[in-house]
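The values are calculated or read from the model by the stated rules, or taken from the named source; none is laboratory data. Treat the numbers as computed from the prediction; the structure is a model and nothing was measured. Note that each Cβ is placed from the backbone with ideal geometry, even for glycine, and that neighbours are counted across all protein chains shown. These area figures cover heavy atoms from the full protein model, side chains too; ligands, DNA and RNA do not enter into them. Shrake-Rupley method; radii C 1.70, N 1.55, O 1.52, S 1.80 Å.
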Amino acid sequence: MSNTTASSVMKLPELKEKVRYTWDILNEWDGAILQPENFAKEMKTFGDRRYKKTWVNALCKFEAMLAYASCLDSWMLLTSTFAFRPERWDYEYRHQIFNEFLMYPKAVEIIKTGLEDIFHKDFDVQEREKADEFFRLLEEREGSAGAIGFSTRFTEQFAGSRTAA
C-alpha cells in the first residue's frame, strides 16, 4: 500500500484498497474466514459502489470499528489511534472516523478514561505531547455542531503561583 499524505486527495482505487484492507483486518480479528461475497454484500449497505462517497463512508466506519474493537488502553486512542498527523494516509478522513467512533455507547467514557490516564498517571511531558494531535482534532471540532463539549486545553496552576487580584 502506498503512503498517501493529507496534501493529496486519495484516489478511488487506493481508497478501495484501504477499505478492503481494513475490512479484512476487522474480519480476521473476529476469526472469520474471509469471503469476497461477504465484503461485496457489506459494501452494498453503504450505497452505490461507483461513488467515492460510498467508499469513504465504509472506510470511516471500518476504521472506527477497528479502533473500538482493538482498544486495550484508552490512552493509546489519544496518543496513537486518534492522534492524526498530516502525514497519515487517513488524515483527510479524521473527523468522520472520529464521528463514527463517537457513535459507540461507551466512546466518550473511553476517551475520558484515556484523558485521566494521561494526566493523572506517571506519563511524562513527552508522552503527554503524543496526544497533541488528538487535542488538535478536538479543537478543530470546537464551534462545529459535532463538538463534544469539553475544553481541549490542559491547565495547571504551578505551585506558588497566584492569580492577580
If I ask for residues that are surrounded by fewer than 17 Cβ atoms within 10 Å (Cβ to Cβ) and closer than 20 Å to K112 by Cα, which ones from region 71-94 would you list? L72, D73, S80
Output the residue which, of all residues in region 1-45 that are exposed (fewer than 13 other Cβ atoms within 10 Å of the Cβ) and in contact with an Asp or Glu (Cβ under 7 Å, 6 or more places away or on another chain), is modelled with the highest pLDDT. V9
Could you tell me which of the residues E109, E139, E129 is out of contact with any strand residue (DSSP E or B) (no Cβ under 6 Å at 6 or more places or on another chain), among the charged types (D, E, K, R) and at pLDDT 95 or above? E109
Would you check which residues across region 121-142 are open to solvent by 50 Å² or more (accessible area, probe 1.4 Å) and not in a helix (DSSP H, G or I) and list them? K121, D122, D124, K130, E142
Given I118, I97, which one is in contact with a Cys (Cβ under 9 Å, 6 or more places away or on another chain), among the β-branched types (V, I, T), assigned to a helix (DSSP H, G or I) and open to solvent by less than 20 Å² (accessible area, probe 1.4 Å)? I97
